[in-house]
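Here the structure is laid out as structure tokens; the discussion comes afterwards.
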Amino acid sequence: MDARQHFPALEREVYGKPLVYFDNAATSQRPRSVLELQQKLSVEACGNIHRALHRLAADATEAYEAGREAARAFIGAPARENLILTSGTTAAINLVASCFCQKFVGSGDQVVVSEAEHHSNIVPWQLACERAGARIAVLPVDEDGELSPEGLEAMLRDAGGRIKLVAVAHISNVLGIINPVKEIVTVAHRYGVPVLVDGAQGILHERVDVQALDCDFYVFSGHKIYAPTGIGVLYGKRELLEAMPPYMGGGEMIETVSFEKTSFAPLPLKFEAGTPNFVAGACLKPALELAGEMMQDAELQNNQEAMKNFLQEELSRIEGLRLYGTPADPARKVPLLSFSVEGAHAADLAQILDKMGMAVRSGQLCAEPLLRRYGQTAILRASLAPYNTLGECEIFIAALCRAIKMLR
């Protein structure tokens, strides 16, 4: 399969040089099928969903619900009622943090997050715990970036029932390690504790089956997997979603309204107040269909492994370069590589690489506590998708070596 043909952005030049886009962990590029559907719906079906009886609204509703169904099938959720569409991973985590903690977390309780979390899987829990009189407990990573299910079990055992939820990334956006989420879920459930899995990175690199994983919540953003920005997915077990109060009040999430009392709509609308981003929601369908095709293409999967191995080997040869996220099992590393270079600031490297046509990410990567654990204030990240090539990796390494030489 020629994946690149689907993505017109990869054909452009930057500063007169072919674009090498290695910032996929931040946002993936969009395929023609998504771009075309965006245009079509914006012109032919720009009508508010679920409400009006006219044709435009009906067409928009049908397309939006087809996007929900595509997401449900992609992650193996049992029913549409388990799928809440949000504006992204951040909104989904904030929804769960607010509503779950309001219902189930009280004074003296704890929520466990790992040391390797994105800020979006730390701050919402801090805010919710502050309101409830609870606190955050941190599951640490070791020097290689690994999480320990045994360490989690010790925390759960010692907490005496005070831990009410565990929130952990499927794959760290800094370390690129596939975390042992299945084992973490099993351990947590042994103590009756539900688990939220942040799948912002996992959704692109792993085939997700939420029922096999048995997680209680799974969240991801469309823009990480070829859909537009402004759309995300929250999977939740039905009994928890039913028990949690609504996140926002407004139109569409109600059953009846009076000044004395309001009753709420059934799932999933209970958590979907207001007019959603129905065009982006509809675009989940072509985005996830293409993602599924690429995941099933053996040549593309082998190519990703080859790119990862090439970059790891070449980066390890560079004097003064330190890689972050080196699991004992190399198969648990995805083509997402973060590193620092002695004597060369990450921001300076990123700016020079940009002038060479390279799109990479630098800074704290929205993971300040993790960088602090490794004694860094900023690092550089190259994150690949199935449409990248080994040739681009070779160009990147040559450009990086040249940039380092310029700064030393």
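The values are calculated or read from the model by the stated rules, or taken from the named source; none is laboratory data. The model shown is predicted, which means the values in this text are computed figures rather than measured ones. Positions of Cβ are generated from backbone atoms using ideal geometry, with glycine treated the same way; all protein chains shown enter the neighbour counts. Accessible surface areas use protein heavy atoms only, side chains included; no ligands, DNA or RNA. Shrake-Rupley method; radii C 1.70, N 1.55, O 1.52, S 1.80 Å.
The table for this structure:
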| quantity | calculated |
| --- | --- |
| Anchor LYS17: lysines whose Cα lies under 22 Å away (excluding residues fewer than 8 positions away in-chain) | LYS355, LYS405 |
| Top of ALA97, ALA66, ALA385 by mean-square fluctuation, Gaussian network on the chain, Cα under 10 Å | ALA66 |
| The chain: calculated mean residue ellipticity at 222 nm from DSSP helix runs of at least 4, using -39500 (n - 2.57) | -12000 deg cm²/dmol |
| Whichever lysines have a C-alpha closer than 25 Å to that of LYS285, once near sequence neighbours (fewer than 8 apart) are set aside | LYS40, LYS224, LYS237, LYS270 |
| Neighbourhood charge, 13 Å Cβ-Cβ cut-off, centred on HIS119 and excluding it, Lys, Arg +1 and Asp, Glu -1 | -3 |
| Antiparallel bridges, percent of DSSP beta bridges restricted to the chain (to nearest 5) | 60 percent |
| Within region 336-408, GluC sites (Glu not before Pro) in DSSP loop having at most 11 other beta-carbon neighbours inside 10 Å | GLU342 |
| Proximal aspartates and glutamates relative to LYS333, as straight alpha-carbon distance under 12 Å, when same-chain residues fewer than 8 apart are discounted | ASP144, GLU146, GLU206, GLU305 |
| Net charge of Cβ neighbours under 15 Å - reference GLY106; Lys, Arg +1; Asp, Glu -1 | +3 |
| Overall form of region 169-226 per C-alpha gyration tensor (a/c, 1.5; a/b vs b/c) | prolate |
| Exposed-site-free run, longest, the chain (rule: chymotrypsin sites (Phe, Trp or Tyr not before Pro); DSSP loop; at most 13 other C-beta within 10 Å) | 16-258 |
| Per residue solvent-accessible surface (Å²) - region 86-235, probe of 1.4 Å | 32 Å² |
| Accessible carbon and sulfur surface of the chain relative to its total accessible area, %, 1.4 Å | 51 percent |
| Taking all pairs of distinct alpha-carbon atoms in the chain, Kirkwood radius in angstrom | 22.2 Å |
| Three-way shape call for region 22-84 based on the alpha-carbon gyration tensor, with the a/c threshold at 1.5 | oblate |
| Trypsin sites (Lys or Arg not before Pro) within region 252-313, DSSP loop, no more than 15 other Cβ atoms inside 10 Å | LYS261 |
| Global geometry of region 1-105, whether rounded, prolate or oblate, following the gyration tensor of its Cα atoms and the 1.5 cut on a/c | oblate |
| Of the GluC sites (Glu not before Pro) in region 207-310, those whose Cβ has at most 16 other Cβ within 10 Å and which sit in DSSP loop | GLU252, GLU260 |
